[in-house]
Amino acid sequence: MIRQLNGHLPASLHEISAPLDVQSWDAARRDVLRWAAVAQRDGGDLQAAADTLKKLSNIWPDEPSFWLELLVIRARFDPNVDIDMSACPASVKNYPAVTLFLCAQAHQAGDADQARELLDRIGPLDPVSARAFADLHQTVVETLKLRPALEALSATNMDLGQARADALEALETLVLIADTSEALRPFCRSVGFFNIYGFDHPASILIEAMENVRDRLSVSGLGVYLGLLIALRLDDRAETMARDLVARPEAPLSFEMLRAIVLLAARRADAELENEALRRAERLSVDDPVRHAELHQRARSLGLDRPLRVFIGLFGQMRDPDQVIPALVEHLQQSLAPSGAEIRFGLATWPQTGFRPLSLDDSAGFFQQVVPPPLRPMLSDQHGADGHRLRAVWPEVVDALMDWSGSQTARTPDIETLEGLLPQGSRIALGNEDAVRQCVDQMPPATRSLAREQINQLKMWSRIADLGPLARAFEVEDARPFDCCILVRCDLVNLKGSPSALAARSASAHGRTIVFHDYDAHAEFIEGSGDRYMVASRSAAEVLFAGFDHYIESLQTDDQPLRERVPCHEGVQSLLFVSGLTPEPVWAMGYEIHRSAAPRQTLAAALRSEIEASRGTSRHDEATAALAALESVR
């Protein structure tokens, strides 16, 4: 066998000259044969490698390395490789990686009890095995531990304390698995924010799991954890962790961690913490110049002495425009009035208003959005994660909401009506959704599927693109350029904060390469940027107006990293970075997305039916209290 594998042997093995005793020679021979089989595998000859390892495990059945290499082929390269584990001795089966494989095998065979027993017996995996079997390990823990625990959490008749403890234990294991295999960030994306197997859960359970294993996380894992704390606005905990890290010169800091600290410091206006993080970043060896530059493009603005000329572009899908747009315009006008800014408005939208109908597959949160605050607790996920489960508890209320939702229809306001919602002299551009779809249909087949998945992004960028001609028309009419542009979705309500200071900063010499945007926890965590509210200099706004063309090019490019960052918020950030602009989230600008509300009379009637149908049950008292709360709000 050695003669057959001679071509795969490391050259250094031919130089061994010292005499070996029998035991050492036998060990060396086993290592040589294993290395040769691994070389066959790495060379792509999987079947030959598997056959070699099977023969070796027959000759030396007590040698765990042969079995482990076989399992690596099965787990990572070819799931169809047949391995007869009945010949594996008990001593080898006790190795954690082998026990893990047996657990997966039992689960696949339908023996759930045996699989759970084996899963509980798996000890700590060595670093090499942890990386090699990470996907397999994650799958069995998710399937056998996490999913049952989450299902129990969503059932009203289960011991929620025990179910939560089980889910927490499973999440801790999964966090460590993902961290060891350098996949913690994708894992956190997959569970946040935070819907697993169709069940909604508070982010606190993931945070608690990560805190419990914090001391066992890698440097990169700590960076992901810190970023998650910041994304979820747990600022006090994040600041305590950040200060502890930067206060220790010997503490290893990753780029991921420093980026998170800078974001936190900027949010809290903590120049000392931000500067220390930037100094530490200078000493890092970072091979990504774009991400590295991000830490060093946080210039602060200089004020302007003259009144600004500001273009405010409202874009996107209208929702109840007669209510929403006048309030939005009034807020923006009042916010900029103290600065004396000269304002012009433009609206780029679609001819029809929009309404998102409810579905029983929607999560509880969608049902809460269309009812007044007093009714939201009864529609929370403690009664069910989706409409089907909510309906099992509150059939009258959910049916009433579904009937109301189905009766809502889109409207097509005439242009005069829309002009009446805006200040005199405003400009309007109405888009054609069919034109966007035709643009997608004309793409090559290889990119058409991805483009269809991103149709909503393309529609958004097409509306932003139509704001460009409106702004330029104003500049021709007034014979003066704008200093900055404020782009706002036209379905936002309850705005908080003033864009006045941001407008001044973006128009200053130090702010022309910064695009200020709304803070979005999910967007920040996936390294994206908010796109509902943007403030940019006049030159930076041209980049945003050209976003539709950039998006089309990104969908069809051969540049894989650029194509992979097409989805939603990631695409916004890519556009800014490749254009030499720096995105900066702004936490002071608050808003809500408008949702049509179900009529109170409809809800009151449904609650009375619930009260009548639930007499003698605990639901009766809850429905009675909800009706009283609804009637008390005027």
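Label positions at residue 334 and residue 407, each projected 7 Å from the Cα along the C-beta direction, are separated by 3.3 nm.
Pull out the extension gain between residue 244 and residue 211, defined as 0.36 nm times the separation in residues minus the alpha carbon to alpha carbon distance; nm, one decimal.
Values: separation 33, 0.36 × 33 = 11.88 nm, distance 1.49 nm.
Working it through step by step, the gained length comes to 10.4 nm.
Using the Cβ-Cβ distance between residue 55 and residue 94 with R0 set to 22 Å, the FRET efficiency from 1/(1 + (r/R0)^6) comes to roughly 0.40. Taking 7 Å steps out from each Cα toward its Cβ at residue 376 and residue 169 produces label points 3.5 nm apart.
Here residue 608 and residue 456 are evaluated by their C-beta separation; at R0 = 45 Å the FRET efficiency comes out at 0.70. Measuring between their Cα centroids, the stretch 585-634 and the stretch 478-556 lie 36 Å from each other.
Rounded to the nearest 0.05, what FRET efficiency do residue 553 and residue 475 give with R0 = 35 Å and r taken as the Cβ-Cβ distance? Could you check? The value I calculate is 0.85.
Values quoted throughout were computed directly from the atomic coordinates according to the rules given, and no laboratory measurement underlies them. A quick note: this is a predicted structure, and the numbers were derived from the prediction, not measured. In this analysis, Cβ positions are derived from the backbone assuming ideal geometry, glycine residues included, and neighbour counts consider all displayed protein chains.
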